[in-house]
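K.L.:
Would you mind keeping the following structure in view while I ask a few things?
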Amino acid sequence: MRRVRSLLCALTVGSAALLGALPSAVRAEVAAADPIDASMRSCLARSDMSTTTGQVQCMDNARIGWKAALDSAWQQLQTKLPPARRKLWEKSQASWLASRDAEKQLLAAAFATTRGSMYVLAEADMQLQPVRDRALALRAAVADAGSPPPRRPRACNADARCEHAMFDLNRYYHRLQSKMPAHSRPTLVRAQRAWNEYLAAATAVIDERGRIDIIGARVATLKRLSDTVGND
């Protein structure tokens, strides 16, 4: 039961952090508790789903639900954008999908070095959250589709927040690289290369705050993995 409370707390904190980055209409929707999140909370709290297998199933069901929400938002967005902006978003989405594919391999390699049910749950959570975040980002883009395009971010070295975030990212990347088994390090390199390509593509359709959100999420992922690799 303690694991359930920890998972619910993590979801609540993550949701609160995300709300500030979304348009007011989307913030209101998320604040009202998305049915997918509500269903997952109910599932995690059920006594018959209190095993590790049951809790992973709850999160997997939520991930599938958020993937459907992501696909729906993507289809809506494509119909609302003029051709030039749609092309940029298509590149962003393709890069995100490629990054997610590479990330799955990285997660598998990182969690293969761990033992214990808590890490099984952690891996399921790390599979879920990026899909949820992307679905919410696409919903926000749908809500803003009728507005003028966001101002393109400055070069990262001209934005102190971006420079600081990238410094943290590189620090945790090298920390994770040093802890990964030698045979798994190419998996990390491929995943980070795919993420870099996604960031470059996404920068064409977001503002500076959105770029910081993407980098911040990556920093959190690399830190979490660097704290996890090799644990029993």
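K.L.:
For semi-axes √(5λ) of the Cα gyration tensor in Å, which listed value, [x] 28, 24, 15; [y] 35, 19, 15; [z] 32, 19, 16, comes from the coordinates shown?
P.N.:
Matching entry in [x] 28, 24, 15; [y] 35, 19, 15; [z] 32, 19, 16: [x].
K.L.:
If the chain between Ser178 and Thr53 were fully stretched, how many nm would it gain, using 0.36 nm times the residue separation less the Cα-Cα distance?
P.N.:
Details: separation 125, 0.36 × 125 = 45.00 nm, distance 3.13 nm.
Extra length available between Ser178 and Thr53 comes to 41.9 nm.
K.L.:
Also, quick follow-up: Where does each of 156-166, 197-207, 171-181 land if you order them by average Cβ count within 10 Å, highest first?
P.N.:
Numbers: 156-166: 14.2, 197-207: 18.9, 171-181: 16.7.
Listed from highest to lowest mean packing, they are 197-207, 171-181, 156-166.
K.L.:
Could you work out how far the C-alpha centroid of region 92-160 sits from that of region 68-88, in angstrom?
P.N.:
Measuring centre to centre over Cα atoms gives 17 Å.
K.L.:
Which stretch or stretches of region 202-232 have amide N atoms under 19 Å from the point lying 7 Å from Ala108's Cα along the Cα→Cβ direction?
P.N.:
Correct set: 225, 229-230.
K.L.:
Which of the listed residues, Trp74, Pro149, Ser47, is farthest toward the dipole's positive end in region 30-164, when Lys, Arg count +1 and Asp, Glu count -1 at the beta-carbon?
P.N.:
The residue sitting farthest along the positive end of the dipole is Pro149.
K.L.:
Ignoring everything except DSSP H segments at least 4 long, calculate the 222 nm mean residue ellipticity for the chain; use -39,500 (n - 2.57) per segment, divide by total residues, nearest 500. It would help to have the intermediate numbers written out before the result.
P.N.:
Details: 9 runs with 181 residues, N = 232.
Counting only the DSSP helices, I get -27000 deg cm²/dmol.
K.L.:
Pairs of alpha-carbon atoms within less than 8 angstrom and 6+ residues apart define the contacts here; what relative contact order does the chain have, in percent? Please list the in-between numbers first.
P.N.:
Values: 210 pairs, mean separation 65.4, N = 232.
For the chain, the relative contact order is 28 percent.
K.L.:
What ³J(HN,Hα) values, in whole Hz, does the Karplus curve 6.51 cos²θ - 1.76 cosθ + 1.60 give for region 38-50 when θ = phi - 60°, with x put for Gly and Pro?
P.N.:
Result, rounded to whole Hz: 4, 5, 5, 4, 5, 5, 5, 7, 6, 5, 7, 10, 7.
Each value in this text was obtained by applying a stated rule to the coordinates, not by laboratory testing. These figures come from a predicted structure and were not determined experimentally. Because the Cβ atoms are built from the backbone with ideal geometry, glycine has one as well, and the counts that use them run over all protein chains shown.
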